[in-house]
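Peer 1: Can you keep this structure in mind? I'll have questions shortly.
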Amino acid sequence: MTILKKFLLNFGRNAFLSLGTINYIVLLFNFLLKIKKIFQLKKLTPLDNTFNKISINYNKKKYFINISKLNKLCSERDTFGLIREIFFRNVYLKNFNVSNFNKFICIDLGSNRGIFSLMASKIFKTVICVELQSKYNKCVHEIMLSNHQKNYKIINGVIGELGMNISNKLEFSQNKIDINQLIKNEADKHKVFLKIDIEGGEFKLFEEINLDLVEAISMELHKGGDIEYILDKIKNKNFFIECFNDQLEKINYQSSTITFIKARKIINYY
């Protein structure tokens, strides 16, 4: 039942509105065509070759993504999986009033090939794409160029520490980023929104980070660290916190199944 719930989040209202009628039907058809393999794998990865290129609608704006080109540029094949996660499931911006963010700076910690950064570029004033692996830089430039977006910059380096899910065989920047200096530089003129998905590095990050200049946070949590410490640090800085499991169901602050955290400063957000 849990895996089915997660699957259904990829085919709900957000998916229909994002894809439009024809592409949504194409997606459903491919799901039915490959349903046996999908349930054998317990993953939707067999759908990753459904589209070569795609136009996405979100927040009354259009986004064009050349899926096959991005896959080729980074030598990976799961770009459509990221699109489903970020646009269809809307794991990072769901539960936020995005109309408030047009004067915010978004610092995208763990930008990967830039799918969320692209979404953010049309919602926030500017996006800072922070990524461990420089191999994704060409993807970010490609996806921004395809959408005529120039309000971004890329920083390669380590935030927090290398998470447990990152192989030491990967080529990555050894540059250690001072997160507090980065936030201070960007918060000089604008409010800061932090999106965090750094594959377990968040636990070390929260030992170092100063949240005084951060207004809102959207974070994916991974296993292997002290979740309670992160939550308490956010709460003690006067944030309103909402916690969600992998099916994006709101859950108790003390739950051990927390996968996503959404937080915003109580005084300044509205």
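Peer 1: So which residues in region 79-105 are β-branched (Val, Ile, Thr) and assigned to a helix (DSSP H, G or I)?
Peer 2: Hits for region 79-105 are Thr79, Ile83, Ile86, Val98.
Peer 1: Of all the residues that make up region 111-138, how many are part of a helix (DSSP H, G or I) and among the charged types (D, E, K, R)?
Peer 2: Going residue by residue through region 111-138, those that are part of a helix (DSSP H, G or I) are 115-121, 134-138.
The next check asks that each one be among the charged types (D, E, K, R); those that pass are 135, 138.
Residues flagged as part of a helix (DSSP H, G or I) and among the charged types (D, E, K, R) within region 111-138 amount to 2.
Peer 1: Would you mind finding the one in Lys37, Lys6 that is of a type outside the set (S, T, N, Q) and over 14 Å from Asn90 (Cα atoms)?
Peer 2: Result: Lys37 is the single residue among Lys37, Lys6 that is of a type outside the set (S, T, N, Q) and over 14 Å from Asn90 (Cα atoms).
Peer 1: State whether one or more residues within region 169-180 are over 20 Å from Ile105 (Cα atoms), modelled with pLDDT of 90 or more and either over 17 Å from the mean Cα position of the chain (by Cα) or not assigned by TED's automatic domain parsing to the domain that holds Ile105 (or both).
Peer 2: Among the residues of region 169-180, not one is over 20 Å from Ile105 (Cα atoms), modelled with pLDDT of 90 or more and either over 17 Å from the mean Cα position of the chain (by Cα) or not assigned by TED's automatic domain parsing to the domain that holds Ile105 (or both), which makes the answer no.
Peer 1: Taking region 239-263 as the region of interest, how many residues are basic (Lys, Arg) and modelled with pLDDT of 95 or more?
Peer 2: Step one: list which residues in region 239-263 are basic (Lys, Arg), which gives 250, 262.
Filter again for modelled with pLDDT of 95 or more, leaving 262.
The number of residues fulfilling the criteria is 1.
Peer 1: What are the residues in region 221-270 that are outside any loop (DSSP other than H, G, I, E, B) and basic (Lys, Arg), if any?
Peer 2: Passing the criteria: Lys233, Lys235, Lys250, Lys262, Arg264, Lys265.
Peer 1: Any idea which residue in region 6-54 is surrounded by the fewest Cβ atoms within 10 Å (Cβ to Cβ), counting only those that are in a helix (DSSP H, G or I) and among the charged types (D, E, K, R)?
Peer 2: Arg13
Peer 1: Which pairs do you get when a residue that is under 12 Å from Ala263 (Cβ atoms) and not assigned by TED's automatic domain parsing to the domain that holds Val158, found in region 199-224, comes within reach of a residue that is modelled with pLDDT of 95 or more and assigned to a helix (DSSP H, G or I), reach meaning Cβ atoms under 7 angstrom, with the pair 6+ apart or on two chains?
Peer 2: Short answer, once both residue conditions are applied: none.
Peer 1: If I ask for residues that are assigned to a strand (DSSP E or B) and within 13 Å of Arg84 (Cα to Cα), which ones from region 56-69 would you list?
Peer 2: Of everything in region 56-69, those that are assigned to a strand (DSSP E or B) and within 13 Å of Arg84 (Cα to Cα) turn out to be Ile56, Asn57, Tyr58, Ile65.
Peer 1: Scan region 98-118 for residues that are touching a residue at least 40 places away in the same chain (Cβ under 8 Å) and over 11 Å from Val130 (Cβ atoms) and jot them down.
Peer 2: The answer is Asn100, Phe101, Lys103, Phe104, Ile105, Arg113, Ile115, Phe116, Leu118.
Peer 1: Of the residues Ile67, Ile107, Ile123, Ile38, which single one is of a type outside the set (Phe, Trp, Tyr) and over 25 Å from Leu248 (Cα atoms)?
Peer 2: Going through Ile67, Ile107, Ile123, Ile38 in turn, just one is of a type outside the set (Phe, Trp, Tyr) and over 25 Å from Leu248 (Cα atoms): Ile67.
The values are calculated or read from the model by the stated rules, or taken from the named source; none is laboratory data. All values derive from a computational prediction rather than experimental measurement. Every residue, glycine as well, gets a Cβ built from its backbone with ideal geometry; the counts of neighbours run over all protein chains shown.
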